[in-house]
């Protein structure tokens, strides 16, 4: 029979997933029984290593009602307008960065399609090519830049999460392929990274590889089988690629890259064997309640960061241009329709209500991060959470003066608790460069970046 | 979607602009020199550019890197198709020149857009036709599921858990758009493992049925949950009630550890009902819990429990670690019968492993089996080399002491993850020569056919014809298409073509406001979908005229939906064909599914409905609103007191919006008698519905039936639109300007065949873009 170390099952803890109850993680969940010793040992091992920095990007569509978002005062003494009021208890943990612009989202002669461009440019900094499908092109997104540089340090180089799948049919936005408005993460300039919207599947991917309950010998056989299958298909793909035209070769390149990456991942898992995988309880699927859906995803990000399964994540709360109804908070109109408020006060109030709802979920996420002890601080101290949109006001479709919030201390590299206003037209991409520096993934340029953001650390 | 010109009769709908939206022109071919075009370029276009464009888009540092000064003559201009296409869109939509520059008048704009349209879309259909080129296409989720069903004979839909496929040109199976994110390959690998496990039976201990229960989920007597396991500070038990299916030998297991104290280890009793069958000394400690097992002969319903039976507590023991003995249980397991006969292999197993090897011919059998499997999976003949490489999996497995069947499983896994399976590969002898036009081979044609009509792989008959190279013989292709349309698998056209063309896939995400529409529920949602699906299927199955899509005197209803429509005499939950006596109801635009997806959650949207008609029935979508158009200010009084129609008419007073809204809004007004979930209404709140309207061409209507009659009379426009949609779907690529000739021909023949559905499919299958391909030009 198998003799494996006792895994601390966080099952009980996970039963609280997605609820408003603070998730008791490692320390908190350990009763003063025999389990404690193991937990302490784990933690000691964890702190012995340098605590890593994490980076997450949360996207909300259709802009934000800016008068209810932007603090009037600058600096540490900033005020909290109605949408942000609910983050009072985290006021020292985040900063509001006003005045940033994403130029890639602008028309530049391409006409309508601000929603598609906003999502596609948010993290890539690029002006996406206008096309229904042939030759989609944006750029490598900031999260993927980091994933390609430091992703090999963790089992998953990055996580891509969302709540709405890509559009099922139809033209997404004025001649732009739906790939643009549904994906914030781009692995190459032509490959958006599909996001996972089902918490159960995220969970399975992170925490179970289907080999639970298998003996070590069976598991080793399975790994060997997988490797031999991947070797086989790699040969097929290499052969096939030689016989194709240029466009088709690009598709095969995507395939080849993913095969190689999967091989590496299998090797990494193998090297880490003996650890086994935690035996968590699975979320059942996509919850009917949207808030619960977002919170489950937030929980999973927290768990993935905490277990150092990945350090990089994107999370699209709703696709750009989403016309979702928020009837559960008393806003039954579609979000996108409402966002064209025509300065109607009533509509603006409803937009503000939707923004408020999204920020409440952010609050849940921050709370989870902050209540997770790690080393001599909390997980939030070792993270950088960027939240916002590449549309300012949904009615004006402007791409400057964007709503951007940055939470966490980034392992001491950020000094939150302030409202900073940057000079008009300061590229949002400068912020991404600054974050990439803090992920040990510096690059020279992203889109229209013209430097690093100043003042992020006091 | 329309990539070439021209308003094709849509002028009658008042469409004055050239519709040309596709935005992508593969290459910059020059059309035959035409003196009128040269004259137009010199006489109208160049002066226009100079007057309105080149002071920004010219000189040393042209804005947006667009230099419009460099085109000295027609020959120079004709080389840059994409540039002009872009110019067309910007000028047509009024985006350029931007405020506050002087704006050209309508006549000037028409002259320029007219020239671009003619210059870049005039094609001589008498010359060698360009069939275009389909980018290598990976199977989308639907195609993957269907193909697995037909290839492996398993009832299993692994792709339901794959990430959603991105959409381009209105459909989710466009080769250019379908990418291969890393997560997908993981899914393919996992799916392959599960598929072969279901399809092929491999005997082994792990195949013995196993019942596993986590201690926290089991029944309990005493103790409490601790960190995911169950802890017993004093005596107690965890148990599970189990019906041992057949008398036989079963393994009972429990994973546990003890907090040790006193002079003996923690003890865990295995019990069946009240009978103790085994006692384990649980010497394991928290850092390394162990699995304890016993085997017993048993049958029938029993309670299996694991009990802590030797509690120890001495608070005065000198060593604090020796004061308390406790037991922790993680899980319980029952496996068996261990000595039963192996179950019969599933049908799929017999299908795939159609020869049983004896002692001496394993290699030969493996090759036979894998040749058939790989050829079907790759949709062509597998090569000798491929078969040999696959057979090696069997050899290696047997070399490791595993079974023949296990080896076949591994080879199948490799096939199912191979690019030859996951992608639909079509090869060119000269992959980078755009002039090298050639017919696709019979296997490729069979594959195009089957994915077009079935969203799945070819069946045995298609494979047989392809192998004999007879698919194009005489009347064969036609016979095959008709056979395929009759096959139940052609239901895929309803789900995938109609579901996307009509946008009704979105129905499942629609959220009508429960306050305003309390009658809307899941049952109604499903009924709406079923109506449209059955209606589409009836046109297909009965080979009716596609014009019935616009207006028909029948539909499919059950009691729920009939009541929603206010139609009497339909009783019971089952759907049936119902003749419609009310001419206002009937045809796609009056079906609740379409009416709901084109509404806002709280109200109807005449704009969305009008846009839907233009886009989906006439492939003539209005351009997007110019980015600087801003929002119209509502007249306070009207906003407060007017009907929706009055308020919208107020909006249309703005000339910058009027041109397009004059096309969209009247169409939508004509459907105002249908509320936001498709029920009939005579008034909206306090206002009577006014469903009359006038289209830009002057045709007038008073109610939905009359609007539909006007639309139905635009036969050729609709036929052309449906041709374009269906061709896009059939090819899996966006249409290009050079497809114009094929579309003309198909639409023309469709009209000559009384618009019969089968004619549409047959003509598409017979067309050059479907039958041929060419190499890719350099970009």
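None of the figures in this text is laboratory data; all of them are computed from the coordinates on show. Treat the numbers as computed from the prediction; the structure is a model and nothing was measured. Cβ sites come from the backbone with ideal geometry, for glycine too, and all protein chains shown count toward neighbours.
Per residue, the convex hull spanned by the alpha carbons of chain B comes to 266 Å³. On the beta carbon distance between residue B:522 and residue A:74, with R0 = 45 Å, the FRET formula returns roughly 0.35.
Note that the range B:207-335, at 4 °C in a medium of 1.567 mPa s, gets a Stokes-Einstein diffusion coefficient of 87 µm²/s from its Kirkwood radius over C-alpha pairs.
DSSP bridge analysis restricted to chain B gives an antiparallel fraction near 100%, rounded to the nearest 5. Each part reduced to its alpha carbon centroid, the range B:32-64 and the range B:446-503 end up 49 Å apart.
Shielding by partners for A:249-257, please: the mean number of other protein chain Cβ atoms within 10 Å of each residue's Cβ.
Counting Cβ atoms of other protein chains within 10 Å of each residue's Cβ and averaging gives 5.
Mean separation of Cα pairs under 8 Å and 6 or more residues apart, divided by the residue count, gives the range B:498-715 a relative contact order of 21 percent. For the protein assembly as shown, DSSP calls about 80 percent of its internal beta bridges antiparallel. Calculated on the alpha-carbon coordinates, the convex hull of the protein assembly as shown measures out at 190 cubic angstrom per residue. In this simple spin-label model, placing a label point 7 Å from the Cα along the Cα-to-Cβ direction at both residue B:359 and residue A:443 gives a separation of 6.4 nm.
Against chain B, whose longest principal axis comes from its Cα atoms, helix B:655-669 is set at around 60 degrees. When the Cα centres of the range A:367-414 and the range B:204-257 are compared, how far apart do they sit, in Å? Taking the Cα centre of the range B:204-257 as reference, the centre of the range A:367-414 is 45 Å away.
Estimated from helical segments only, the mean residue ellipticity of chain B at 222 nm is -11000 deg cm²/dmol, where each DSSP H run of four or more residues counts as -39500 (n - 2.57). Here the relative contact order of the range B:236-351, from alpha carbon pairs under 8 Å that lie six or more residues apart, stands at 40 percent. Apply 1/(1 + (r/R0)^6) to the Cβ-Cβ distance of residue A:239 and residue B:435, taking R0 = 25 Å, and write down the FRET efficiency to the nearest 0.05. With R0 = 25 Å, the Cβ-Cβ based efficiency is 0.45. For chain B, the longest principal axis of the alpha carbon atoms and the long axis of helix B:362-378 meet at an angle near 30°. Between residue B:301 and residue B:461, residue separation times 0.36 nm minus the direct Cα-Cα distance comes to 52.5 nm. Counting Cβ atoms of other protein chains within 10 Å of each Cβ in B:491-501 and taking the mean gives 1. Taking label points 7 Å from Cα along the Cα-to-Cβ direction, residue B:554 and residue B:662 give a separation of 4.2 nm.
Helix B:757-766: angle to the longest alpha-carbon principal axis of chain B, degrees 0 to 90, nearest 10? Between helix and principal axis, roughly 90 degrees. Peptide A:234-247 has a mean of 6 when you count, residue by residue, the C-beta atoms of other protein chains within 10 Å of its C-beta.
Across all directions, the shadow cast by the convex hull of the range B:498-715 built on its C-alpha atoms averages 12.4 square nanometres. Here the simple spin-label model places points 7 Å from the Cα toward Cβ, and for residue B:683 and residue B:758 these points are separated by 5.2 nm. Could you tell me the distance between the Cα centroids of the range B:723-762 and the range B:331-368, to the nearest Å? Each part reduced to its Cα centre gives a spacing of 49 Å. With 14 Å as the cut-off, how large is the P(r) tail for the range B:477-534, expressed as percent of Cα-Cα pairs? Beyond 14 Å sits 64 percent of the P(r) for the range B:477-534.
How would you classify the range B:31-81 from its alpha-carbon gyration tensor, with a ≥ b ≥ c the square roots of the eigenvalues: rounded for a/c under 1.5, else prolate if a/b is greater than b/c, otherwise oblate? Since a/c reaches 1.5 but b/c is at least a/b, the shape of the range B:31-81 is classed as oblate.
Would you please classify the overall shape of the range A:87-170 from the alpha carbon gyration tensor, given that a ≥ b ≥ c denote the square roots of the eigenvalues, rounded means a/c under 1.5, and beyond that prolate means a/b larger than b/c while oblate covers the rest? Judged from the Cα gyration tensor, the range A:87-170 comes out oblate (a/c at least 1.5, b/c at or above a/b). When a/c reaches 1.5 or more, the comparison of a/b and b/c decides; with that in mind, is the range B:676-764 rounded, prolate or oblate per its Cα gyration tensor? Prolate.
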